[in-house]
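Before any comments, here is the structure.
The values are calculated or read from the model by the stated rules, or taken from the named source; none is laboratory data. In this text the structure is predicted, and so the values were computed from the model without any measurement. Please note: Cβ atoms are built from the backbone with ideal geometry, for glycine as well, and neighbour counts cover all protein chains shown.
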Amino acid sequence: MSDSSETQAERRTFLGILLGGFSVALVAAFGWPVFRFLAPREQTGQDQQVRVPREQVPVGTAHFFSYQGRPAVLLQPAVGEFVALSAVCTHLGCIVKWDAAKGEFLCPCHGGQFSTAGQVLGGPPPKALEPYPVAVVDQELLIG
């Protein structure tokens, strides 16, 4: 009878270790994505400043690019005036499109409208597009 109780104790110990290992793996599998979502983004040296040749942004046109891993847009609304904005709509995160005929940014998801300065003109967006600093150095535009 003692062999049977020892076998049962060994089985319980084995099942306890197995269940504990499974629990740790499950917590890690669900916890890591949550941690990465809540943790601040790592800022590396790349994409701190983006250089765009000036000729890629003619007057009245928009140039889309990636800034710090997110979509951004560079616009020249008037000669020598450059505006850089986040291209992510502040309503639900859709990427805005440039409508040259209207001279404004439009969100294709829910009809948000933004001015060339990124201000909300209409629709559901709660706030303006995030602006980025732009500097003109020789024939290049430095964003950031």
Would you confirm, using the coordinates I've provided, whether residue 141 is more than 26 Å from residue 80 (Cα to Cα), modelled with pLDDT under 90 and hydrophobic (A, V, I, L, M, F, W, C)? no
Answer yes or no as to whether residue 77 is within 16 Å of the chain's Cα centre (by Cα) and not in a loop (DSSP other than H, G, I, E, B). no
Options 55, 6: the member that is touching a residue at least 60 places away in the same chain (Cβ under 8 Å) and outside any strand (DSSP E or B): 55
Would you check which residues across the range 75-90 are surrounded by 14 or more Cβ atoms within 10 Å (Cβ to Cβ) and either over 18 Å from residue 128 (Cβ atoms) or modelled with pLDDT under 90 (or both) and list them? 76, 77
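When only residues in the range 111-132 that are under 18 Å from the mean Cα position of the chain (by Cα) and in contact (Cβ under 8 Å) with a residue 40 or more places away in the chain count, which is surrounded by the most Cβ atoms within 10 Å (Cβ to Cβ)?
That would be 129.
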Read through the list (1) surrounded by fewer than 17 Cβ atoms within 10 Å (Cβ to Cβ); (2) assigned to a strand (DSSP E or B); (3) small (Gly, Ala, Ser), then give the number of the only condition that residue 72 fails. (1)
Residue list for the range 91-100, restricted to those being modelled with pLDDT of 90 or more and either exposed (fewer than 13 other Cβ atoms within 10 Å of the Cβ) or among the small types (Gly, Ala, Ser) (or both): 99
So how many residues does the range 81-107 have that are more than 16 Å from residue 126 (Cα to Cα) and free of Cβ contacts under 8 Å to residues at least 24 places away in the same chain? 6
